[in-house]
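S.K.: Dropping a structure here in structure tokens format, bear with me for questions.
Readers should treat all values here as calculations from the given coordinates under stated rules, not as data from a laboratory. Note that the structure is predicted; figures quoted are calculated from it, not measured. Cβ coordinates were reconstructed from backbone atoms using ideal geometry, including for glycine residues, and neighbour counts include every protein chain displayed.
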Amino acid sequence: AVFRHPVPAAVHQVLQSVTAVNFGAELDMIGSLLPSYPYIIVDTEYPGTVHRPPTGMREGDLTSDDRYALVKANVDELPMVQLGLTLCDAQGNLPVVFVDCNIGYPVPMERAWEINFSDFDVHRDRHAAQSVEFLRSQGIDFDRARACGVSSAEFKDKLVEVLAAPRGDDELTWVAFGGAYDLAYLVKMLSDGQPLPKTRQGFIA
């Protein structure tokens, strides 16, 4: 059940882990919330970058087209490890759902999602060692994700179904902090893992 704002002051937040077992149900919930919470905030985690600017140059020294080429090279080669997803309304309110905490009554909690993907094999796939160690230090279990995570292909099929559902005149707004890589990985996933467009203009389109 969805609890509409304003919510009680004692509402807690819960980060829902999403795996191969529950991704369908969680995406259905997200779909049911989108009409009231049409802002989608995304944050991707990936195994670092293996393509870097030429020696002696920083990424900020590159042209926009060269920066895009660098993003494309990394995103084309490396899979996404995890996707953080949060919904909110125009006032920044998060959805509140009732959660069964085995205390005799459901508890209202603000919910966000953490989708774990199975595509990346830390023992075989190319990656940046420092980035992988940092993600491990933040709690990502690569072997468990490989065994229990959802494939990006399966997740994409269900996500497309959810996004295609009619919502009246409301448009969705996508929000990202590090938008280049976050949105590039989403475009790659929604394009069935195909390489990103060759040009920055094609990517923007």
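S.K.: Where nothing but the Cβ of Lys and Arg (+1) and of Asp and Glu (-1) is charged, how large is the charge dipole of segment 140-205 around its Cα centre, in debye to the nearest 20?
M.R.: The dipole of segment 140-205 has a size of about 300 debye.
S.K.: Let me ask something else. Given the -39500 (n - 2.57) contribution per DSSP H run of 4+ residues, what per-residue ellipticity at 222 nm results for the chain, rounded to the nearest 500 deg cm²/dmol?
M.R.: Estimated from H runs of four or more residues: -10000 deg cm²/dmol.
S.K.: Right, here's the next one. Across segment 175-190, in residue order, what do the Karplus-derived ³J(HN,Hα) couplings come to in whole Hz, using 6.51 cos²θ - 1.76 cosθ + 1.60 with θ = phi - 60° and x for Gly and Pro?
M.R.: 10, 8, 7, x, x, 4, 6, 4, 6, 4, 5, 5, 4, 4, 5, 5
S.K.: Further question on the same structure: Calculate how steeply helix 64-77 sits against the longest principal axis of the alpha-carbon atoms of the chain, using the helix alpha-carbon long axis, and give the answer as 0 to 90 degrees to the nearest 10.
M.R.: Its long axis makes an angle of about 70 degrees.
S.K.: Among Leu78, Pro108, Tyr185, which residue has its Cα positioned farthest towards the positive end of the charge dipole of the chain, with +1 placed on the Cβ of Lys and Arg, -1 on the Cβ of Asp and Glu, and the dipole taken about the Cα centre?
M.R.: Towards the positive end, the residue furthest out is Leu78.
S.K.: Oh, and also: Rounded to the nearest 20 Debye, what is the dipole magnitude of the chain about its Cα centre when Lys and Arg each give +1 and Asp and Glu each give -1 at the C-beta?
M.R.: In total the dipole reaches around 280 debye.
S.K.: Also: Report the percentage of all Cα-Cα pairs in segment 165-205 whose separation exceeds 11 Å, rounded to a whole percent.
M.R.: For segment 165-205, the fraction of Cα-Cα distances above 11 Å is 72 percent.
S.K.: Farthest toward the dipole's positive end in segment 117-205, which of Phe203, Gly139, His127, given Cβ charges of +1 (Lys, Arg) and -1 (Asp, Glu) about the Cα centre?
M.R.: The residue sitting most towards the positive pole is His127.
S.K.: Counting pairs of alpha carbon atoms under 8 Å apart in space and at least six apart in sequence, what relative contact order in percent does segment 1-137 give?
M.R.: Across segment 1-137, relative contact order equals 38 percent.
S.K.: Taking the 0 to 90 degree range and rounding to the nearest ten, how far is the long axis of helix 23-33 tilted relative to the main principal axis of the chain, both from C-alpha atoms?
M.R.: Long axis of 23-33 versus the principal axis of the chain: about 70 degrees.
S.K.: Which of Leu87, Ile41, Ala20 sits closest to the plus end of the dipole of the chain, meaning its Cα is farthest towards the positive end, when Lys and Arg get +1 and Asp and Glu get -1 on the C-beta?
M.R.: Towards the positive end, the residue furthest out is Ile41.
S.K.: Can you list, largest first and rounded to whole Å, the semi-axes you get for the chain by taking the square root of 5 times each eigenvalue of its Cα gyration tensor?
M.R.: Taking √(5λ) for each eigenvalue gives 32, 21, 16 Å, largest first.
S.K.: Work out the P(r) tail for segment 123-203: percent of alpha carbon pairs separated by more than 22 Å, whole number.
M.R.: Tail of the P(r) past 22 Å holds 45 percent of the pairs.
S.K.: Helix 152-164 versus the longest principal axis of the chain: what angle, 0 to 90°, nearest 10, using Cα atoms?
M.R.: 60 degrees
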